[in-house]
Amino acid sequence: MYQQYRVVPETTVDLDRREPADRSAFAGDKSAGREAAKQLNRRLESLQELLYAEGRHKVLIVLQAMDTGGKDGTIRHVFDGVNPQGVKVASFKRPTPQELAHDYLWRVHKETPGRGEIVIFNRSHYEDVLVVRVHNLVPPAVWERRYDQINAFERQLAEEGTTILKFYLHIDKAEQKERLQARLDEPEKRWKFAKGDLAERALWPDYQAAYEAVLSRTSTPYAPWYIIPANRKWYRNLVISQILVDTLEGLEMRYPEAEEGLEGIVIE
Ligand code: ATP
Ligand code: MG
């Protein structure tokens, strides 16, 4: 039922036609939604344990969003209580001089999951066709090539056994205004407010266009994008949890065989 949010490969995405406040895939209200997410969270806990025990699959989750889009909150809620052993978050900030001395995928490839691991990318290689494109940090001819390079990179990861899910947390400009205002108003949130966020906000249309290019050109059968309605945090968490649980269940994982002859063992 959440497949409506999946971006069909090779279709053109118009973000104005995606409703950030949508909640149409869930019949209940906010408290029912939270309850449903809690149930999913328990399933996720046991699926992650199984993934770790089996040690076969690698899972990569990419989170991208405008500022205040809710990447941190998503990680906190969706993975609440999941065993930190076997789940890692990799955050990609402005590249260091050493990172800039390498190709843009260098720092990214190092963080991809190994067998039995789930890795969540908080921002990702997509920044190299988002902020980099919006601010002209490299010439157009350079970022233009990157969509194909990214697809090739993700295809390689997938062919080598990585399951990839990419979530764009879709909020609208009015919602961002409220969230930025809350960061100013609430003392415990102020640390999150960066004046620079206002300059980025002014570039909203440019970012939306850059996101549309990403979503239109890099949603593939092996690494699909999902556009998650994210104005309502509870709905965002619910949809992402459901997609994750469905995907992990689809891997048909099994606990490894126990050693033979354990039945008769008596521990003295
Ligand atoms: P977030 O905003 O993700 O919650 P944060 O507030 O803790 O993170 P910031 O320093 O605001 O940290 O975010 C990281 C910044 O690094 C973003 O502005 C992002 O666009 C920028 N960034 C990430 N990757 C790149 C890149 N490849 N090139 C240039 N800037 C990048
Ligand atoms: Mg920030």
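The values are calculated or read from the model by the stated rules, or taken from the named source; none is laboratory data. Being a predicted model, the structure only gives us computed values, none of them experimental. Here the Cβ is made from the backbone with ideal geometry for all residues, glycine too, and neighbour counts use every protein chain on show. Each accessible area value is taken on the protein alone, full model and side chains, heavy atoms only, with ligands, DNA and RNA left out. Shrake-Rupley method; radii C 1.70, N 1.55, O 1.52, S 1.80 Å.
Straight-line reach from Lys110: taking Cα to Cα under 14 Å and skipping same-chain neighbours fewer than 8 places apart, the aspartates and glutamates in range are Glu99, Glu154.
Between region 18-39 and region 135-192, the C-alpha centres lie 23 angstrom from each other. Past 31 Å, Cα to Cα, is the threshold; run Lys88/Lys192; Lys58/Lys195; Lys88/Lys195 against it and keep the listed order. Going by Cα-Cα distance, Lys58/Lys195 fall outside the 31 Å limit. The order of the peptides 119-126, 144-151 by mean Cβ neighbours within 10 Å, most packed first, is 119-126, 144-151. Here the accessible area is traced with a 1.4 Å probe on the protein chains. For region 3-249, carbon and sulfur cover 49 percent of it. Which shape class, rounded, prolate or oblate, goes with the chain when its Cα gyration tensor gives a ≥ b ≥ c as root eigenvalues, a/c under 1.5 marks rounded, and past that a/b bigger than b/c marks prolate? It comes out prolate by the Cα gyration axes. From most to least packed by mean Cβ count within 10 Å, the peptides 51-58, 254-261, 89-96, 135-142 give 51-58, 89-96, 135-142, 254-261.
Count Lys and Arg as plus one, Asp and Glu as minus one, and take only other residues whose Cβ is under 12 Å from that of Arg43; the net charge is then -2. Secondary-structure-derived ellipticity at 222 nm for the chain, considering helices only, amounts to -13500 deg cm²/dmol, per-run term -39500 (n - 2.57) for DSSP H runs with n ≥ 4. A cut-off under 15 angstrom between Cβ atoms defines the neighbours of Arg254, and their net charge, with Lys, Arg +1 and Asp, Glu -1, is -3. Is the shape of region 1-112 best called rounded, prolate or oblate, per the rule: a/c under 1.5 gives rounded, else a/b larger than b/c gives prolate, else oblate, with a ≥ b ≥ c the square roots of the Cα gyration tensor eigenvalues? Since a/c reaches 1.5 but b/c is at least a/b, the shape of region 1-112 is classed as oblate. Excluding same-chain neighbours fewer than eight residues apart, the aspartates and glutamates reachable from Lys71 by a Cα-Cα span under 16 Å are Asp80, Glu127, Asp172, Glu175, Asp197. Would you mind checking the tilt of helix 30-54 against the longest principal axis of the Cα atoms of the chain, expressed as 0 to 90 degrees and rounded to 10? Helix 30-54 and the main axis of the chain meet at about 60 degrees. Our summary gives region 3-249 a relative contact order of 38 percent, counting only alpha carbon pairs under 8 angstrom and 6 or more residues apart.
A Förster radius of 35 Å combined with the Cβ-Cβ distance from Arg34 to Glu144 puts the calculated FRET efficiency at roughly 0.25. Entry comment: accessible area of region 171-233 is 51 Å² per residue, from protein heavy atoms only and a probe of 1.4 Å.
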